[in-house]
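These notes are about the structure you will find just below.
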Amino acid sequence: MWSDAILAYLHFASIFTLLWFLSKEWTLLNAGADAAMLGTRFVATRESLAHPEYKQALIKSDGSDTVMTGCFDGGWPYAQHRVLRNGTLQRWEDVGCPPSGKRVGEEDVVATATDEGKVRRYDDTPPAEGMRGDVLDCCLYAGCGVGRIRSIEPAGELVKALGALARGT
């Protein structure tokens, strides 16, 4: 049911900023890293199926508002995720981070999908296009490099820039 939302997560910045962002990731590869994760960057592309409010939250982030947490483990028990801080996370932390089954508002529906699928407060589902409700209380996945993302660009431009860096051109 949430495959489009997950794909949107896997699938933004002026060309200058985009190249700077990618050069940092490419530097990691040249330094011997086996891989560089670019998931958040692809969420904030024109083609991404992420909800527009989620994309804007990523652009506005300076990177200091991400945290590794187990808050959003509905659907993925005990999983830790890096996310943007939001109202759900704040409320959960304010009451001492209770475990699943003992959380206030666990049955609250914070958003609904176009197919009438319900997203509960602690679900691991990110906001997707067409969702209605308080989508910014959903799980807002964001990697450590989110603070370098400043605009929404076509995914093709991102891929071209990455290819140019890989070729050294």
- Query: Arranged by the count of other C-beta atoms within 10 angstrom, fewest first, what order do Ile152, Ile59 take?
  - Reply: Ile59, Ile152
- Length gained, Met68-Arg167, 0.36 nm per residue minus C-alpha separation, equals 32.2 nm
- Determine the gain in length on full extension of the stretch Cys97-Ser151; use 0.36 nm per residue of separation and subtract their C-alpha separation, reporting nm with one decimal. 16.1 nm
- Message: 5 Å is the cut-off here: which amide hydrogens, built 1.01 Å from N in the peptide plane, fall below it relative to Ala50, excluding neighbours closer than 5 in sequence?
- Response: Glu129
- Around Trp76, with a cut-off of 12 angstrom between Cβ atoms, what is the net charge of the other residues, counting Lys and Arg +1 and Asp and Glu -1? -3
- Query: Contour minus end-to-end for Glu47 and Trp76, with contour as 0.36 nm per residue of separation and end-to-end as the Cα-Cα distance?
  - Reply: 7.8 nm
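Each value in this text was obtained by applying a stated rule to the coordinates, not by laboratory testing. Every value quoted in this text rests on a predicted model; they were computed, and no experiment measured them. Cβ sites come from the backbone with ideal geometry, for glycine too, and all protein chains shown count toward neighbours.
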